[in-house]
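A short reminder: the numbers here are calculations on the coordinates, not readings from a lab. Since this is a predicted model, take the numbers as computed values, not measurements. Neighbour counts run over all protein chains shown; Cβ positions are idealised from the backbone, glycine included.
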Amino acid sequence: MALDFSQPFTERTPRIVNAAKLHRAAARRKAKQFLAEGENAVEAAVATGAATDVFVTERAAQRFGEILTTAEYMNVYTHAIDEKAAEHLADTVTTTGIFALCKPVTWSTKQALKGFNDFWAVGVDTADPGNAGTLIRICDAMGADGVIFAGDTVDPQAPKVVRSTAGSLFHTPVVRDRDVKAVIAQLKDKGLKIVATVVDGDVALDYAGEMLSQPHAWLFGNEAHGLDPEIAALADYKVTIPIQGSAESLNLATAAAMCMWESSKAQYVVDEQTAN
């Protein structure tokens, strides 16, 4: 599609000013909108119907023509912006120059758990945006049912989280729920076994295949403090990732990738065996 860049939006244009405010959590809550930046996130937001508007520089329009074509097909408003406006919207030092204004995509716990569930990831008190985004991306890649951020967590629609998901935020159910115990209770009510990652678990991840073939949900603790013992005590199983070298621990995203890979193997092997 052809955009007119003779009079692009600037950093002072009200729509740009308001969109830039969405870097703050309070503004996102009030507006019921959030901002996605970069090729993968914008492409996914547009394709899934989450995007209402796209802002694009002339440089980016030449590079991301297919996204703009999809936006036109999806009836997404597309606006020409100048480079200063892009810098104002950006959450990165070097921006690609394409952004999407999006409707909320997070689910309630009750809504997300409707129907049959195989395996979930629950980030408890997840504080780091990069880890949160990577956890969403891992779950998307591994075929998990979704991600629940429980407790005092980072906002999954914050700019750094959205960017870290590389578009997976728009493909995978994501929940934010303040009440950790209520989340666990709802998971149990749906017949899922709760699996906690701890330092001194009852079973090593290498030997957890049988339990992971059942419907289950992983609990991943806070990056600095791990799982609160009171929360870990609610788990049906406690699993440890063996560390053979000198590292004291693994970061949340690395541990989650290993655990979710084992879950994916256990679940899909069972499905294939049942099908045969």
What is the magnitude of the charge dipole of the stretch 109-267 about its Cα centre, with +1 placed on the Cβ of each Lys and Arg, -1 on the Cβ of each Asp and Glu, and no other charges, expressed in debye to the nearest 20?
-> 560
In the stretch 203-248, the GluC sites (Glu not before Pro) that sit in a DSSP loop and have at most 13 other Cβ atoms within 10 Å of their own Cβ are GLU248
Taking Cα pairs closer than 8 Å and at least 6 residues apart, the relative contact order of the chain in percent is 18
Which angle from 0 to 90°, rounded to the nearest 10, does the C-alpha axis of helix 252-275 make with the longest principal axis of the chain?
-> 70
Give me GLU262, GLU37 ranked fewest to most by other Cβ atoms within 10 Å of their Cβ, as a rough exposure proxy.
-> GLU262, GLU37
Please give, to one decimal in nm, the separation of the simple spin-label points placed at LYS188 and LYS21, each 7 Å out from Cα toward the Cβ.
-> 4.3
Between the Cα axis of helix 180-189 and the main Cα principal axis of the chain, the angle (0 to 90°, nearest 10) is 70
What are the lysines whose alpha-carbon lies under 20 Å from the alpha-carbon of LYS181, with same-chain residues fewer than 8 places away excluded?
-> LYS110, LYS114, LYS190, LYS193, LYS238
Averaging over all projection directions, find the projected area of the Cα convex hull of the chain and quote it in nm² with one decimal place.
-> 16.4
Highest-MSF residue in the chain out of LYS30, LYS265, LYS188 [GNM, Cα springs under 10 Å] = LYS30
Two pseudo-spin positions, 7 Å from Cα along C-beta at ASP152 and at GLU230, lie apart in nanometres by 1.3
For the chain, share of DSSP beta bridges that run antiparallel, in % to the nearest 5 | 25
Shape category assigned to the stretch 109-267 from the gyration tensor of Cα positions, a/c cut at 1.5 = rounded
Over all Cα pairs of the stretch 156-214, how is the pair count split among 10 Å bins, expressed in % and running from 0 up to the last occupied bin?
-> 16, 31, 40, 12
In debye, nearest 20: dipole of the chain around its Cα centre with unit charges on the Cβ of K, R (+) and D, E (-)?
-> 1000
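Could you tell me which of rounded, prolate or oblate describes the stretch 14-102, using a ≥ b ≥ c as the square roots of the eigenvalues of the alpha-carbon gyration tensor, with rounded for a/c under 1.5 and, failing that, prolate when a/b is larger than b/c and oblate otherwise? Mind showing how you got there, number by number?
Numbers: a/c = 1.78, a/b = 1.20, b/c = 1.49.
It comes out oblate by the Cα gyration axes.
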The chain: calculated mean residue ellipticity at 222 nm from DSSP helix runs of at least 4, using -39500 (n - 2.57) | -11000 deg cm²/dmol
Gained length - SER246 relative to SER6, 0.36 nm times residue gap less alpha-carbon distance = 80.4 nm
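Highest mean first, what order results for 51-60, 3-12 on Cβ atoms within 10 Å? Mind dumping the intermediate values first?
Working: 51-60: 21.9, 3-12: 13.3.
By packing density, highest mean first, the sequence is 51-60, 3-12.
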Across THR172, THR134, THR92, the residue with the highest GNM fluctuation in the chain (Cα network, 10 Å cutoff) is THR92
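Could you calculate the FRET efficiency of ARG178 with THR254 from 1/(1 + (r/R0)^6), where r is the beta carbon distance between them and R0 is 35 Å, rounded to 0.05?
Once rounded, the FRET efficiency stands at 0.85.
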Just subtract the alpha-carbon distance of ALA204 and LYS30 from 0.36 nm times their residue separation and send over the number in nm, one decimal.
-> 58.1 nm
